[in-house]
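The values are calculated or read from the model by the stated rules, or taken from the named source; none is laboratory data. What you are looking at is a predicted structure, and each value in this text was computed from that prediction instead of being measured. In this analysis, Cβ positions are derived from the backbone assuming ideal geometry, glycine residues included, and neighbour counts consider all displayed protein chains. When the accessible area is computed, the model is the full protein with side chains, heavy atoms only, and any ligands, DNA or RNA have been set aside. Shrake-Rupley method; radii C 1.70, N 1.55, O 1.52, S 1.80 Å.
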Protein chains: 2
Amino acid sequence: MASIKLPGFSSSLIKARFLPFNHDGSRGNTVVCIRRDVDPLSLEFSSTNSLRTLSLRSYASSSPVISAKLTTEASAKVIDGKSVAKTIRDEVAAEVSRMKDAIGVAPGLAVILVGNKKDSATYVRNKKKACESVGINSFEVHLPEDSAEQEVLKFISGFNDDPTVHGILVQLPLPSHMNEQNILNAVSLEKDVDGFHPLNIGRLAMRGRDPLFVPCTPKGCVELLHRYGVEIKGKRAVVIGRSNIVGMPAALLLQREDATVSIVHSRTKNPEEVTRQADIIISAVGQPNMVRGNWIKPGAVIIDVGINPVEDSKSPRGYQLVGDVCYEEACKVASAITPVPGGVGPMTIAMLLSNTLISAKRMHNFQ
Amino acid sequence: MASIKLPGFSSSLIKARFLPFNHDGSRGNTVVCIRRDVDPLSLEFSSTNSLRTLSLRSYASSSPVISAKLTTEASAKVIDGKSVAKTIRDEVAAEVSRMKDAIGVAPGLAVILVGNKKDSATYVRNKKKACESVGINSFEVHLPEDSAEQEVLKFISGFNDDPTVHGILVQLPLPSHMNEQNILNAVSLEKDVDGFHPLNIGRLAMRGRDPLFVPCTPKGCVELLHRYGVEIKGKRAVVIGRSNIVGMPAALLLQREDATVSIVHSRTKNPEEVTRQADIIISAVGQPNMVRGNWIKPGAVIIDVGINPVEDSKSPRGYQLVGDVCYEEACKVASAITPVPGGVGPMTIAMLLSNTLISAKRMHNFQ
């Protein structure tokens, strides 16, 4: 509720609640002011990206009695995923070092890459570098695009049996002639650091059960909320997107933490209305700038998983990366938001390292 | 939008939208009517269980100009679970008969009961009778309360290996000295007709995967929606309760059918507000009459899973069974509702028979 002085009117005559949004969350709000000496007045509040306009109208006239423009500042706190990821990597490094000193064992992560997709090769290289930086041993297998499925299964089987390997990751996507489900199912449940095995997902969904691993990206989203002290219990959370890799497990995780969760997806008829009810939004759809300012409840916390390249002639690369959420607009409504890049992105690898450490500790019964 | 003639006012002077509920779903609605000849008028609409009152007020006077009472009738269609369950049992019986004729095999269901709980014994007896009525062979093991866990596991193992058994059901709850998780995990995934195995739940949650079995009660809820032609895709659905047996899998099932699903639970701060947004409500909490008329969006469809005994001195048994939803109030707001008893209850056993048939058909590759 805001208090605003209106020139030409004594403040005692004007009594109205100023709400930045209607109850249904749409922009613009009309408040009827009851005055016994003149016509009822209507106070209108409209908002664009950076400007909010306040108009006072009389029912007897269609033109505003007064109009005032208020400039608002971006106020959302930036959730710095890069910095949190750095902290987590330091924590993992300290634990790896303690483990080596105590029992002479370092965690090991095996990555299997098939084919020559440039993106995939970059991801694998980054994972390898991240492992090295925290003292985790990394094992890499790079197979040609036209390898047989059997070849991949053979390497998975070898890593399953190798006691120095505590996590196995098959870089996706696989070439189209391979059955992804067969290959992922071949990874031993105890080494499934990606957490994508249906048995892990089932345990994540069930009360009283615990998954061996929580999928890295959703785990990173919730870790950001924890590290920034965002309360989850009892809050309304909306997850936009229902992929097996992010949206669905993110919803299950928030549910485990006692949020009241709704899932918005491509078949949702009024995504903006549902999203506007959320105290916490996790968006993972891959649609640049889909979530606009007016989708967001004032004060909501936003975790933007989307990393979408959009054309940008001014950038030397010819494109820039943007999230699912229109950052510029969201900043003015949300209380906290992850930037893109530098938000959820760095958290995924940090969580992979953390899962590999958890696996090694569990296998060696090291507390 | 309703049109109402108001005595003493020419209809051309009154222009207002009549909505039975506010946008936020709360009862009572005020509409400002703009008239140029007199004070603005306010039209108020308030509602109790069976009576709706319409009042026209002038801003200049606090007493209504006119007031009219409208009596509303219970209008919800009754979703007759007993009748649908009967139809499904007839369908299962026909398929069992066709299977016997074609390949000489009848489906078989094994039920393991431990201890002397009266309720459990009744459930097991009902399941056995239902099997007999559709031509499914039933096998029953009844062990004393103080049996060792190993004893139960031995019988499960025997049924796992028995080709005449296509479904295995361990009646819950088990005596407290047994580890329920160990015992349920021992049931072969291919014979888990209850669908409670975490791998089944994981597959239910994942897009592109299919569970071998869908848990009986949630399957029964969604089957009722299908048989009554209730559209699920794109609708807002609220599941109240998040148990592993009903609430959670019901939410996953509705999600698979493209509803926009929210889960309300004991930590939800405003359950009535969230529930009021639903086109479809599935309630499974075990709280008699918790969901009141004003929790329900007009026209919503309600599936009430609760079966709660409440004291009733007039009943010869001293109690009556009621649902989670206040039936009397809900009838006046919802478009369709399951009664208690006679709604979801009979569907659970019908779905168990259906799952046992599915299992036998799959094992014998019978289409």
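The table below gives the values:
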quantity: Residue within region B:131-141 that is open to solvent by less than 30 Å² (accessible area, probe 1.4 Å), β-branched (Val, Ile, Thr) and in a helix (DSSP H, G or I) present; calculated: yes
quantity: Scan of region A:103-117 for residues that are surrounded by fewer than 18 Cβ atoms within 10 Å (Cβ to Cβ) and either at pLDDT below 95 or assigned to a strand (DSSP E or B) (or both), ordered by number; calculated: A:Asn116, A:Lys117
quantity: Given (1) assigned to a loop (DSSP other than H, G, I, E, B); (2) under 27 Å from the mean Cα position of the chain (by Cα), number of the condition B:Glu145 does not satisfy; calculated: (2)
quantity: Qualifying positions in region A:198-234 - more than 8 Å from chain B (Cβ to nearest Cβ) and outside any helix (DSSP H, G or I); calculated: A:Asp210, A:Pro211, A:Leu212, A:Phe213, A:Val214, A:Pro215, A:Tyr228, A:Gly229, A:Val230, A:Glu231, A:Ile232
quantity: Test for A:Ser120: is it within 26 Å of the chain's Cα centre (by Cα) and surrounded by fewer than 22 Cβ atoms within 10 Å (Cβ to Cβ); calculated: yes
quantity: Lone unmet requirement of (1) farther than 23 Å from A:Ile282 by Cβ; (2) buried (at least 17 other Cβ atoms within 10 Å of the Cβ) for A:Asp192; calculated: (1)
quantity: Candidate set from region B:235-272 (those that are more than 22 Å from A:His265 (Cβ to Cβ) and more than 14 Å from the chain's Cα centre (by Cα)); member that is most open to solvent (accessible area, probe 1.4 Å); calculated: B:Lys269
quantity: Residue in region B:209-223 that is modelled with pLDDT of 95 or more and in contact with a Phe, Trp or Tyr (Cβ under 7 Å, 6 or more places away or on another chain) present; calculated: yes
quantity: Selection status of B:Glu223, under 25 Å from B:Glu91 (Cα atoms), surrounded by fewer than 24 Cβ atoms within 10 Å (Cβ to Cβ) and in contact with a Lys or Arg (Cβ under 7 Å, 6 or more places away or on another chain); calculated: no
quantity: Filtered residue count, region B:274-300, keeping only those that are open to solvent by less than 10 Å² (accessible area, probe 1.4 Å), in a loop (DSSP other than H, G, I, E, B) and within 13 Å of B:Lys235 (Cα to Cα); calculated: 2
quantity: Only listed residue being out of contact with any strand residue (DSSP E or B) (no Cβ under 8 Å at 6 or more places or on another chain), closer than 21 Å to B:Ile79 by Cα and of a type outside the set (Lys, Arg), chosen from B:Gly286, B:Gly306, B:Gly299; calculated: B:Gly299
quantity: Residue in region B:204-220 that is in contact (Cβ under 8 Å) with a residue 12 or more places away in the chain, of a type in the set (Phe, Trp, Tyr) and closer than 30 Å to A:Gly195 by Cβ present; calculated: yes
quantity: Of all residues in region A:260-278 being among the hydroxyl-bearing types (Ser, Thr, Tyr) and free of Cβ contacts under 8 Å to residues at least 24 places away in the same chain, the one that is nearest to the other protein chains (Cβ to nearest Cβ); calculated: A:Thr268
quantity: Count - residues of region A:149-197 that are among the β-branched types (Val, Ile, Thr) and either under 25 Å from the mean Cα position of the chain (by Cα) or assigned to a loop (DSSP other than H, G, I, E, B) (or both); calculated: 6
quantity: Check on B:Leu252, touching a residue at least 40 places away in the same chain (Cβ under 8 Å), touching a helix residue (DSSP H, G or I) at 6+ places or on another chain (Cβ under 8 Å) and outside any loop (DSSP other than H, G, I, E, B); calculated: yes
quantity: Number of positions in region A:310-335 that are acidic (Asp, Glu) and crowded, with 22+ Cβ neighbours inside 10 Å; calculated: 1
quantity: Some residue of region B:173-183 being within 11 Å of chain A (Cβ to nearest Cβ) and open to solvent by 40 Å² or more (accessible area, probe 1.4 Å); calculated: yes
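For every residue, the table says whether it meets (1) of a type outside the set (Val, Ile, Thr); (2) within 17 Å of the chain's Cα centre (by Cα); (3) closer than 30 Å to B:His166 by Cβ; (4) assigned to a loop (DSSP other than H, G, I, E, B).
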position: B:Ile303; (1), (2), (3), (4): no, yes, yes, no
position: B:Gly306; (1), (2), (3), (4): yes, yes, no, yes
position: B:Met347; (1), (2), (3), (4): yes, yes, yes, no
position: B:Leu353; (1), (2), (3), (4): yes, no, yes, no
